[in-house]
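Comments concern the structure below.
The values are calculated or read from the model by the stated rules, or taken from the named source; none is laboratory data. Because the structure is a prediction, the values reported are computed rather than measured. When we count neighbours, we look across all protein chains shown, and the Cβ atoms used for this are built from the backbone with ideal geometry, even at glycine. For accessibility, only protein heavy atoms count, side chains too; no ligands or nucleic acids. Shrake-Rupley method; radii C 1.70, N 1.55, O 1.52, S 1.80 Å.
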Amino acid sequence: KSSSDLASRFVINDCFRFEKRMLKFLSKVKIEFNTLDPRLASCVEFLAQCNARKAKESNPNCQVLVKRRTDDQPPQISVTFVNGVEEAFDAAATSAQSIRKMILDKGQYLETEQMFREAGEQWPVIIPEEEIHQEAPGVKPRKAEDKKQ
C-alpha cells in the first residue's frame, strides 16, 4: 500500500479513537445554537461526535444537552470535566476538531494526575531548579563507518 493510503487510514483511525475517548473525561456537554445561524457547523459536528456509539459507550453517564436558541448569540459548546472543571468554547470561532483536541489534552492531564495520586506521589510534580538546568546525559552519535562494522 502507498504511504498516502496508510497515512489517511491512520488519520481516520485516530479520529475514531479520539471520538470514542472524548466523553470519557466529561460528565456533561451542553451545545447551544440557533438552527438558522450559518456559524453552527462546529456545533453540529461536535454533536455528531458526542452521539457516536463508541463515544457513548466510553462514558454512558455523560449528559449531552442541546439547547436550540432563537437569539443571535454565537453558537457555544460548554463541557464539564469529571473533576468538575467547566470550560466554554465559542463554536463560531473554534472548530469541533480543536475543541475535541483541547478536551483530550486536558483529559490526558487528568489521567496523569490520577496516576500520580494513586501511586502516592506528589502532584503537581515539582522539579528542583538545579535539576532543570542540568545537562541531560547524551548519547554520542557514532560515525557512519563505525556503524558498518
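Report the calculated FRET efficiency for Ala52 and Thr112 (r = Cβ-Cβ distance, R0 = 35 Å), to the nearest 0.05. Working shown, then result.
Values: r = 25 Å, r/R0 = 0.73.
Efficiency, from the Cβ-Cβ distance: 0.85.
7 Å from Cα along Cα→Cβ at both Ala93 and Glu121: what's the point-to-point distance in nm?
Placing both labels 7 Å along Cα→Cβ, they lie 3.7 nm apart.
Val66: accessible area at probe 1.4 Å, nearest 10 Å²?
60
Run the 1.4 Å probe and let me know the accessible area of Lys30, rounded to the nearest 10 Å².
70
Hey, what's region 56-99 come to in accessible area per residue, 1.4 Å probe, Å²?
Working: 2710 Å² over 44 residues.
Ligands and nucleic acids excluded, the figure is 62 Å² per residue.
Could you compute Rg(Cα) / (2.2 N^0.38 Å) for region 73-139, with N its residue count? The partial results should precede the final answer.
Values: Rg = 17.6 Å, N = 67, 2.2 N^0.38 = 10.9 Å.
Cα-based Rg divided by the globular estimate yields 1.62.
Which net charge results for the neighbourhood of Val44, defined as the other residues with beta-carbon distances under 13 angstrom from its beta-carbon, given Lys and Arg at +1 and Asp and Glu at -1?
On the way: positive: Arg39, Arg68; negative: Glu32, Asp37, Glu45.
That works out to -1.
How large is ³J(HN,Hα) for each residue in region 120-137, as worked out from phi by the Karplus curve 6.51 cos²θ - 1.76 cosθ + 1.60 (θ = phi - 60°), to whole Hz, x for Gly and Pro?
x, 8, 5, 9, x, 5, 9, 9, x, 3, 5, 6, 5, 8, 6, 6, 7, x
From the Cα gyration tensor of region 66-106, with a ≥ b ≥ c the square roots of its eigenvalues, which class applies: rounded if a/c is under 1.5, or else prolate if a/b is larger than b/c, or else oblate?
Details: a/c = 2.96, a/b = 1.54, b/c = 1.92.
It comes out oblate by the Cα gyration axes.
Test of understanding: what is the full-extension gain from Asp105 to Glu130, defined as 0.36 nm times their sequence separation minus their Cα-Cα distance?
Contour length minus the Cα-Cα distance gives 6.2 nm.
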